[in-house]
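K.L.:
To start, I am sharing the structure in question, which I have written as structure tokens.
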Amino acid sequence: MANILAFAEQREGQLGSAAREAVSVAARLAEAAGGAAHAIVLGGPGISSVAAGLGAYGATTISVGEHDALADYNPESWVAPIVDQIRSGDYAAVIFAATTLGKDLAPRVAAHLDVPLASDVTEVELSGGTVSVTRPVFSGKAFANLEIEASPALVSIRPNVFQATEQDAVGEVSTFTPDIDVSALRVRVIDRKSAAEGSVDVSEASVVVSGGRGMKDPENWGLLEELREALGSDAALGASRAVVDAGWRPHGEQVGQTGKTVAPKLYIAVGISGAVQHLAGMRTAQTIVAINRDTDAPIFGVADYGIVGDLFDVVPRLTAEIGALKAGD
Amino acid sequence: MNIIVCIKRVPDTEARIRVDGSGAGIDKTGIKYDLSPYDAFAVEAALRLKEAAGEGEVTLLTLGESSSQETLRKGLAMGADRAVLLTGEVTLDGLATAKTLAAELEGVEADLFLLGIKAADDDQQQVGPMVAALTGRPCVSGVSSFEVNGSTATCHREVEGGSEVVEVDMPAVLCMTKGPNEPRLAALKGIMAAKKKPLEEKPATEHASRVRLASLSEPPARAPGRIVGEGADAVPELVRLLREEANAI
């Protein structure tokens, strides 16, 4: 019997899909191992009220560390409570989300516990006491199947790849207050800027509308913005490296190598030829649409659906058709 | 200003990756190797900092085979002062790599330790924070640019849905990502000078990998897509397919 721990990440006091996916994976592995799934949440005062919701994703116990200094992520104060929880629990595996936060936090926890970490996995199984994972390497040009020969096995899961599964269950919440000396923190967040209200990050969006050189001019991005709006609040804008390097779009939107890897439900590539570095960052999308003038563009090689044509004709029509469809829903 | 930059030799990012006959390695035929692009951002940041300070030394450190000499020479040609090659096997256990690097960096006095946020081959994104934890130094990851002010560095980092400005006490470990500064190309003069710069090669302290590579596979080919049509007239059919066939909207 082995228990599994999920680190459930909160952002601005809310638990998002990263937390739900991590807990759901932990619950699935725990079931396979005949154990229980536990969750740990760190946050500011009051976070325990939202943390209780994780019970519905299969966490039987939810440990909540509440402290003013935990309201926002700081690696210096977040590692110790998690390490303590793992040490106290005899876990076979610990699941993190491979978000910006998780990718910063999990390696530190691994080093403190002296156990290896498999990052950004797209599959994870627990069988006969061994955790095995599949993870993309060479920016998704190959997949490595790995066995982790240590316990607990630390794993971070790629966002949007695993299903968050709701169950008819309730978890038991226990709250603790970690001892944090704020004056001793060697890393201090002095400013935090949020992107536009209500916007979703390209790495977490369920729909991505990406633009490339074919857009011709940064002034033309209004077309993509309108399409994004028509697709709903889960849609985000992405960009090819070429347009980021040209200064047309911020780096935060770049998809592909040296940018972000995305796995949305729908990826619409507009005026993107499909350099190998770009394909590496989006080829695990469920459905890919390409709109490009060049029939020979490599993007058509990975696209499920393509339209050959002038994007300046195609995109406004697409926006109108999707808008009409959503209005009828 | 003394800066140590940990780098890695990886297949060129344009390389086509094929799994070899063993099923647990890549076919190296015809693959060109290069400095990992994130490490190039780190080298560039180190050189700019040294140039702004007007003094100091930039040291490159890597773990790898002897062939990594070529990659270190590239960094020296960009302007780094000296290089250290720890010869040994690089595995998919990032903690083993971090321990090897940490053993070399333990007790070393430098103002900053820079790494690329991840290597462009194994994509683990973990060695930097692990080295920091093992050597007891503070760390900021995902840094696109930073400024040094006395004994602290002010780092700019991108996070989901926004950006942060983070201050860190030095000496610190910074894991660099793409930022405003394009890595420089080595000039001929730099390439000539690099040949005379010190490059020390010594055996790495070995740490057994606890991550076993069972197999390597190529990504499942996507089912062949189709061209729905040409121009705006094809849009209604595309929308129908997205809704009825792909269930995507």
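K.L.:
Compute the long axis of helix B:235-244 from its Cα atoms, compare it with the longest principal axis of the Cα atoms of chain B, and write down the angle in degrees, 0 to 90, nearest 10.
P.N.:
Tilt relative to chain B: about 90 degrees.
K.L.:
If I histogram all Cα-Cα distances within chain A using bins 20 Å wide from 0, what percent of pairs lands in each bin?
P.N.:
The distribution over chain A is 30, 52, 17, 0, given as percents.
K.L.:
What list do you get for A:T99, A:T287, B:T97 if you sort them by fewest beta carbons within 10 Å?
P.N.:
Sorted ascending by nearby Cβ count, the order is A:T287, A:T99, B:T97.
K.L.:
What FRET efficiency do you get for B:S151 and A:T177 if R0 is 51 Å and r is their Cβ-Cβ distance, rounded to the nearest 0.05?
P.N.:
0.95
K.L.:
Modelled label-to-label distance, A:S194 and B:R243, 7 Å Cα→beta-carbon offset: nm?
P.N.:
Spacing of the two 7 Å Cα→Cβ label points: 3.4 nm.
K.L.:
Still on this structure: Which residue, chosen from B:P138, B:V90, B:A102, occupies the Cα position most advanced towards the positive end of the dipole of the range B:64-162, where the dipole is computed from +1 (Lys, Arg) and -1 (Asp, Glu) charges on Cβ about the Cα centre?
P.N.:
Positive-end residue among those listed: B:P138.
K.L.:
Here is a follow-up. From largest to smallest, what semi-axes in whole angstrom does the range A:207-328 give when each is the square root of 5 times an eigenvalue of its alpha carbon gyration tensor?
P.N.:
Ellipsoid half-lengths, sorted descending, are 20, 15, 15 Å.
K.L.:
Here's another thing I want to ask about it. Please report the Cα spread of the range A:281-329 along all three principal axes, rounded to whole Å, starting with the longest.
P.N.:
Per principal axis, max minus min of the Cα coordinates gives 34, 25, 15 Å.
K.L.:
If you restrict to DSSP beta bridges whose two residues both lie in the range A:1-158, what percentage is antiparallel, to the nearest 5?
P.N.:
In the range A:1-158, approximately 40 percent of DSSP beta bridges are antiparallel ones.
K.L.:
Can you give me the C-alpha center-to-center distance between the range A:78-150 and the range A:1-31, rounded to a whole angstrom?
P.N.:
Cα centroid to Cα centroid, the span is 13 Å.
K.L.:
Additional query: Rounded to whole Å and sorted largest first, list the principal axis extents of the Cα atoms in the range A:117-266.
P.N.:
The Cα atoms of the range A:117-266 stretch 54, 44, 38 Å along the principal axes, largest first.
K.L.:
Can you give the FRET efficiency to the nearest 0.05 for A:V276 and B:E218, using r as the Cβ-Cβ distance and R₀ = 22 Å?
P.N.:
Efficiency for this residue pair is about 0.95.
K.L.:
Below 24 Å, Cα to Cα, which lysines can A:K216 reach? Residues fewer than 8 away in the same chain don't count.
P.N.:
Within the straight-line cut-off, A:K216 pairs with A:K260, B:K178.
K.L.:
Kindly write out, for the range A:258-272 in residue order, the coupling ³J(HN,Hα) from the Karplus curve 6.51 cos²θ - 1.76 cosθ + 1.60 (θ = phi - 60°), rounded to whole Hz, with x marking Gly and Pro.
P.N.:
So the Karplus estimates, Gly and Pro as x, are 6, x, 9, 9, 10, 9, x, 5, 9, 10, 10, 9, 10, x, 10 Hz.
K.L.:
Considering Cα pairs under 8 angstrom that are at least six residues apart, work out the relative contact order of chain B and quote it in whole percent.
P.N.:
24 percent
K.L.:
Amide H neighbours of B:D122 under 5 Å, at least 5 residues apart or on other chains, H built in the peptide plane: list them.
P.N.:
Result for B:D122 returns A:F138.
K.L.:
Quick one: Kirkwood hydrodynamic radius for the protein assembly as shown, alpha-carbon pairs, angstrom, one decimal?
P.N.:
24.5 Å
K.L.:
Can you tell me the FRET efficiency between A:D68 and B:T87 if r is taken as the Cβ-Cβ distance and R0 is 51 Å, rounded to the nearest 0.05?
P.N.:
My answer for the efficiency is 0.60.
K.L.:
Relative contact order for chain A: what is it in percent, counting Cα pairs under 8 Å that are at least 6 residues apart?
P.N.:
That works out to 14 percent.
Values in this text are rule-based calculations from the coordinates and carry no lab data. All values derive from a computational prediction rather than experimental measurement. FYI the Cβ positions are ideal-geometry reconstructions off the backbone, even for glycines, and counts take in every protein chain you see.
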